[in-house]
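One structure is given here, and the rest of the page talks about it.
Please treat every number below as a calculation from the coordinates, not as lab data. Computed from a prediction, not measured in an experiment: that's the story for all the values here. No Cβ is skipped: glycine too gets one built from the backbone with ideal geometry, and neighbour counts run over all protein chains shown.
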């Protein structure tokens, strides 16, 4: 292999490496100027090795490994998000298909969507009388909107040509739904799912800070109370990493189900 | 049933509601199409050719007047009047085979076995020389091939009427000529009644028994009907020298560019 063949490889690998190096440099500078109240990258790294060497320990309800915290948060997100998908995707389909329902619900969606999900937390606590269901409720309410809206838009944008094909072939409603509507709407739906999961992962940290229990958000708050800043920084990287993996997985799923448009 | 009046269009008028008010697209359309006849609808852009085709397909309903097919009123779209759409309209998530199968299943699914349906699909793809592309998705084949799949899907349903909306409009001249020749062969074989919208004079003369020339819109109507009495089978190479062919061609060009040539001024 000639030297030139390595050029694309280095051009792909070096810029991200430089990016991370820059981040670590700034972090180190901040650490020096604050005289160590923000721990240095080196100290944090050592602490991270310690934390990740035993991610699944359990010492009572308020002291569990980082692995348990992440899994608990993911479970809440999965519950809230799953319920939201169960309600939101069918709701999006009917809102997109019937103009009357779209006119009926659009004002409500416009009113409720901009509300910070955390504003719903007290309602959840009141209704469900527990921190865990309240957190799931908050995830539900924040992840339902992108799925309703994107599914509805997808249904409204099914090309008229496909519907004409359905009409000329005189396909049954069920056949239209399975062979035309669903595949045509799927890319929009998956965009909604991706946005919903992204928002849910943002919100869970804040919700858990307020509700307590086990979870990555609670872990951040707990380590703040312990003044263990190294663990907070580790938590930030863990939250970012998990979010990145979720996003990437959903993008891969979405591209697998996206087809060329009718016009091309 | 009178075979000369297989499709009857009586006093048809079509008006669309638009943001600017009512738009009269078609008026006073009177036309009879015989069984097995090949009819071309020709006219300038915006003259309502496609509107008329959609009315025969049953995709839209006329504001006034009646359309009959085999003495029954056309009340909606149906597989007995198959449409080849301008932009092929294949479903991009289905293979070519499955796109054709969809229509066949709808028409013959109740009376025939799966194996028979599959054999029909294979035969339809073979007719348009696309057996090798059966398992490909529409995104993986060329524009001409997509249009052939569209034709195969329409013909495989054994429709009484084949409706084609500028089927070859988006193709290059060589591909278009090849598909026109294929269509001539297929129509000779199946004896289908065909209504084709086109803006190509040569295409109209080469393929049709009857050319319906439309006046400019709005409120377009049929300006003239030309019977094309060229013997079949027709060969484009021989026709190029035929005086009869040239006279038909001249008649259509006269209509389009001398008598209806003020389309830019009107617009």
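Here are a few things to note about the model shown:
- For chain A, built as a Gaussian network whose Cα springs stay under 10 Å, the top-fluctuating residue of A:42, A:201, A:221: A:42
- Taking the DSSP beta bridges with both ends in chain B, the antiparallel portion is around 50 percent.
- FRET efficiency, 1/(1 + (r/R0)^6) with R0 60 Å, evaluated for residue B:258 and residue A:5 via beta carbons: 0.35
- Principal-axis tilt of helix A:229-256 within chain A, Cα atoms, nearest 10 degrees: 30 degrees
- Percent of Cα-Cα distances greater than 21 Å, calculated over region A:71-172: 45 percent
- From the alpha carbon centroid of region B:73-92 to that of region B:23-63 is 15 Å.
- When the Gaussian network model of chain A links Cα atoms closer than 10 Å, the mean-square fluctuations of A:38, A:95, A:49 top out at A:49.
- Against chain A, whose longest principal axis comes from its Cα atoms, helix A:7-33 is set at around 50 degrees.
- Legend: calculated FRET efficiency, residue B:123 to residue A:111, from the Cβ-Cβ distance at R0 = 56 Å, rounded to 0.05, equals 0.45.
- Of the residues A:103, A:76, B:106, the one with the fewest other Cβ atoms within 10 Å heads the list, and the complete ranking is A:103, B:106, A:76.
- Spatial separation of Cα centroids for region A:105-149 and region A:48-72, in angstrom: 29 Å
- Least to most buried among A:17, B:128 (fewest other Cβ within 10 Å first): A:17, B:128
- Difference of contour (0.36 nm per residue) and Cα-Cα distance, residue A:78 to residue A:104: 6.4 nm
- Alpha carbon centroid spacing (whole Å) that separates region B:152-189 from region B:200-267: 19 Å
- Debye equation applied to the C-alpha atoms of chain B, log10 I(q)/I(0) at 0.12, 0.16 Å⁻¹: -0.75, -1.29
- Compared with the dominant Cα axis of chain A, that is its longest principal axis, helix A:99-112 is turned about 20°.
- Ellipsoid semi-axes in whole angstrom, largest first, where each is sqrt(5λ) of the Cα gyration tensor of the protein assembly as shown: 64, 27, 22
- Here region A:106-264 was treated as a single set of alpha-carbon atoms; its pair distances binned every 5 Å from 0 give 2, 8, 13, 15, 14, 13, 11, 8, 6, 4, 3, 1, 1, 0 percent.
- Cα gyration tensor category, rounded, prolate or oblate, for region A:74-128 with a/c compared to 1.5: oblate
- Viscosity 0.692 mPa s, temperature 37 °C, Stokes-Einstein D of region B:138-267 from Kirkwood C-alpha radius, µm²/s: 203 µm²/s
- Packing-based exposure ordering (other Cβ within 10 Å, fewest first) of A:147, A:72: A:72, A:147
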